[in-house]
Amino acid sequence: MPVALCTMSHSPLMGRNDPDASIVAEVDAAFADARAFIADFAPDLVVIFAPDHYNGVFYDLLPPFCIGAAAQSVGDYGTQAGPLDVDRDAAYRIARTVLAAGVDTAFSERMHVDHGFAQALELLTGSITAVPTVPIFINSVGEPLCPVSRIRLLGNAVGQAAAALDRRVLLVGSGGLSHDPPVPRLDTAPPPVRETLISGRNPTPEQRAAREQRVIDAGRDFAAGVATIQPLNPGWDRNLLTVLASGELDEIDSWTNDWFVEQAGHSSHEVRTWIAAYAALAAQGAYRVRSSYYRPIPEWIAGFAVTTALPE
Ligand SMILES: O=C(O)/C=C/C(=O)/C=C/C=C(\O)C(=O)O
Ligand SMILES: [Fe+2]
């Protein structure tokens, strides 16, 4: 069945701590191109892989993956709040195929998602309900993480499931390339923050605003060169884009989780969502990258990229 792919970095700092207007215009043009590509493809189902940033998934029960049969967006960083238009039947069909392939995904009838999903759906399709969706969470933040080789297997199984649906399926991956924003970590967080990582659902508006302001401040400091967070790594980012475009995805299996962090920061694990989306596309045969935009954008704490691809 027809498939197409669009992968994109997200950043909660877009519109909150913008780079020079010429760079914003360049990114806007990349998204306009992606939207035109998607409109031309006319998907009737979006399968989106995205991470969570302790808004929907916590250490009280932290699976490596979760397929949502129903999901609602928490509305962080000004993204749309409320239910996604989840295609429940497609979600179950995909989950059955993934489990049959030996990939032990979790499953949810009440998934909570954050800007990782919502920003991508809004930017690419106009809203969180524009096209029926199957949201697939990939843990990219809460260590310990599974080896990245499992992500390729997940993507492959999702791609096989997508092929068996009689649908026009857009595969989306949402996550930054090299970046190390100040997402708290369980082993270094002070006790009150640690508790929010374990069970922090439904913060008060004041608590959410304080978290968001901390990230905005970090973006300002990073762009000013005075933040203590890890630099972006454009060389690493460009190599990743080259490998994804080459179709030689099994090369990625040897990359260790520590190497991702050393090279590209903790949140570079978010490229798991890209790897899954490309592996899903590869499940249907050879593919060709149709467009690839990249720029390191310190104001957004992001190696920022947007790609589109189609089967050959
Ligand atoms: O500080 C917190 O509690 C949360 C921080 C974030 O949610 C940061 C998110 C940053 C991204 O999504 C990104 O990929 O840069
Ligand atoms: Fe993120």
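A few notes on this one:
- Fluctuation leader among Ala277, Ala95, Ala209 - the chain, Gaussian network, Cα springs under 10 angstrom: Ala209
- Most mobile of Glu206, Glu251, Glu26 in a GNM of the chain (Cα contacts under 10 Å): Glu206
- Dividing the helix sum by the residues of the chain, where each DSSP H run of 4 or more adds -39500 (n - 2.57), gives a mean residue ellipticity at 222 nm of -12500 deg cm²/dmol.
- Longest site-free stretch - the chain; sites: trypsin sites (Lys or Arg not before Pro), DSSP loop, at most 13 other Cβ within 10 Å: 202-312
- Inverse mean reciprocal Cα-Cα distance (Kirkwood Rh) of the chain, Å: 19.1
- Prolate/oblate/rounded call for region 67-119, Cα gyration tensor, a/c under 1.5 rounded: prolate
- What separates the Cα centres of region 6-49 and region 154-206 is a distance of 18 Å.
- Cα shape, region 1-87, gyration tensor, a/c 1.5 rule: oblate
None of the figures in this text is laboratory data; all of them are computed from the coordinates on show. Here the structure is a predicted model, which is why all the values come from computation and not from measurement. Methodologically, a virtual Cβ is constructed for each residue, glycine included, from the backbone with ideal geometry; neighbour enumeration extends over all protein chains shown.
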